[in-house]
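Here, each number is a calculation from the coordinates, and none is a lab measurement. In this text, all values refer to a predicted model and were calculated from it rather than measured experimentally. Cβ atoms come from the backbone with ideal geometry, glycine included; neighbour counts cover every protein chain shown.
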């Protein structure tokens, strides 16, 4: 039975169970809802859940496990000496799967009978031509051991699928039977459903956490591969970034880290004062009407895709800065030669970060109790004195947290620096020069057409992991500071 | 100067510090204070009593224009301090608040050291020429706030680390540090325990010889204990105003009597 049918059947059974459960419990209670422990929908939901959850859970596990198990048993049939020169087990196994698929198609289409397939012998029949007629294209002639493996692969899969269908259906029916027999007016169906809801919520939460762990692990393994091919001392302490696709590259993170931090610093230099002042205006001075339209407007900045900021950097801010600081520019200083520079990327990234800083600071400033302001105003302080000497010091830990969050955004930002910062890795203090960042190098190392197993490509993972550790550290620090601050007023 | 005793003395000889005429306060469409006329004596404690929501705190906040910080609030009528209209356009509310100090319901020390809490006002208004003078002001204010002995060894510890009663006395000392003429207190003891309350009440009684104190309170016993004059507010009206002894022993208005005997409120 095809998979979709199986799932639909289980769901249909669950839906039927829902109505049957409701009807049964109402009947047992003599139609009086007040005699029930729970509302009828809970009895129905309980039956439906008992039908669907174990059956679908087993189905899911089966779907994940069966291919691996079959693959393992079949790959045992291919001895190492049967693998052709220049190939490997994976390639042979993918041939096996294709042939097995082809045989399945042939049987399903009625072109061959089961017996014909079993009797087929690669030494006699040209399997490639035969399957080709049926629309299954194979890259090379099918060797006898591949055909044999494909046959056993196919039959194992067929057996597995049949067993899968039977077991899943059996589970659904058993679940139905048990929950149906339990359904009586005293049964605490509501509590069972509550537990199911709890399990659902916990599953969602753990999935999010596990994904993070998975990301870290996948990066970690590739990073370990990288350090197997490249000296870690050069990566962390070298001073040159010069990837060379013929090998023998110098891959050091330091110049990239310098570019990243320099651009982030300029971005914060733009974002922190503007964002903070905007937050102070919005929370302390603006009337409710101004606030009602100004705050969402400011937050629109946060909704602009970063690629659009990148375009803005490349096409507007960069040329504008060249007009100011470039040769024959209005300042006549000839400091800047191209549109891409640290300053371009930094300024545009700063604009992007304004809403982060302002929105978070605004919330934090608002959390400072009104009693503080009253106390200060009552002593004859002006609004700005109150803000400078009472509100900001009280909100400072939270504001620092907001700035750190913005910094971690800046460090991880990619699109703006790809388009605005340039591609030259170097140590320089001149903000009018092109520089490059960790994120842009990850993009260029991974999107090149180099060998995936070369250190030049794998360095992207090491860079990514370093970046991740950096931003994670900043985030943890920021959250720690913000949380510590929150406790003060509770 | 006027050595009045707490209860039952003649207070007619005192001068008027604050005089309010036809004061109306609106919060948006709500008419919170209706036509209040009152003369508050200098160097005496005046208590505002009345049930919750009767407008006594609102009226108190009119006296140092703290209501200006609330957008929807509108004040009409005249309030004069020493004959000067405080709602005149030429009056700077910031200067006014330095002259009319305020202590709030909940102790609200700034998240700074005890020293900096007290020095806050003097620093803003430039009352001290140098560090030594500032030290002197801080000590004097803390002594006046009857808390010096408890904190003199830890002036640089955070003010928020004190107990509730100490915090409130710190706030009173902070208000005193700017050398105000009038001290407004908005239920200063409502967040304190009985012992701390007794200490603060004692302090209020001492403050009377230098300042005009106006205190809003929910506790009629407190009003009777600390004040020389009492004003009873009800539903935004000033129902009765007179000597505390007279209000509590021989109220003229039926509503005052009902309130002090516990029948309304």
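Points worth noting:
- From least to most packed, judged by other beta carbons within 10 angstrom and beginning with the fewest, A:190, A:441 follow the order A:190, A:441.
- Mean per-residue shielding of peptide B:102-113 is 5, counting Cβ atoms of other chains within 10 Å of each Cβ.
- Rounded if a/c under 1.5, otherwise prolate or oblate - the protein assembly as shown, Cα gyration tensor axes: oblate
- Ordering A:240, A:436 by the number of other Cβ atoms within 10 Å of each residue's own Cβ, fewest first, gives A:240, A:436.
- Taking all Cα pairs closer than 8 Å and separated by 6 or more residues, the relative contact order of chain A comes to 15 percent.
- The stretch between residue A:285 and residue A:242, if pulled fully straight at 0.36 nm per residue, gains 10.2 nm over its current Cα-Cα span.
- Rounded to the nearest 10 degrees, the inclination of helix A:455-487 to the longest alpha-carbon principal axis of chain A is 70 degrees.
- Förster radius 22 Å - calculated FRET efficiency between residue A:204 and residue A:57 (Cβ-Cβ, nearest 0.05): 0.90
- Spacing of the two label points (7 Å from each Cα toward its C-beta) at residue B:253 and residue A:366, in nm: 4.0 nm
- Label point distance in nm, residue A:423-residue A:173, each placed 7 Å from Cα along Cα→Cβ: 6.5 nm
- Other protein chain C-beta atoms within 10 Å of residue C-beta, averaged over B:63-76: 1.
- Inter-site label distance for residue A:333 and residue A:234 at 7 Å from Cα along Cβ, in nm: 3.9 nm
- Entry note, chain B: the mean residue ellipticity at 222 nm calculated from DSSP H runs of n ≥ 4, each adding -39500 (n - 2.57), is -10000 deg cm²/dmol after division by the residues and rounding to the nearest 500.
- The ranking of B:129, B:112, B:17 by Cβ neighbour count inside 10 Å, starting from the fewest, reads B:129, B:112, B:17.
- Helix axis angle, A:89-108 relative to chain A longest principal axis, alpha carbon, degrees: 50 degrees
- MRE, 222 nm, helices only [DSSP H, n ≥ 4, -39500 (n - 2.57), over chain A, to nearest 500]: -24000 deg cm²/dmol
- In this calculation the C-beta distance from residue A:3 to residue A:126 is compared with R0 = 25 Å, giving a FRET efficiency of 0.15.
- Rel. contact order, % - alpha carbon contacts under 8 angstrom, at least six apart, chain B: 28 percent
- For chain B, the longest principal axis of the alpha carbon atoms and the long axis of helix B:164-177 meet at an angle near 90°.
- Efficiency of FRET from Cβ geometry, residue A:73 and residue A:161, R₀ 25 Å, rounded to 0.05: 0.95
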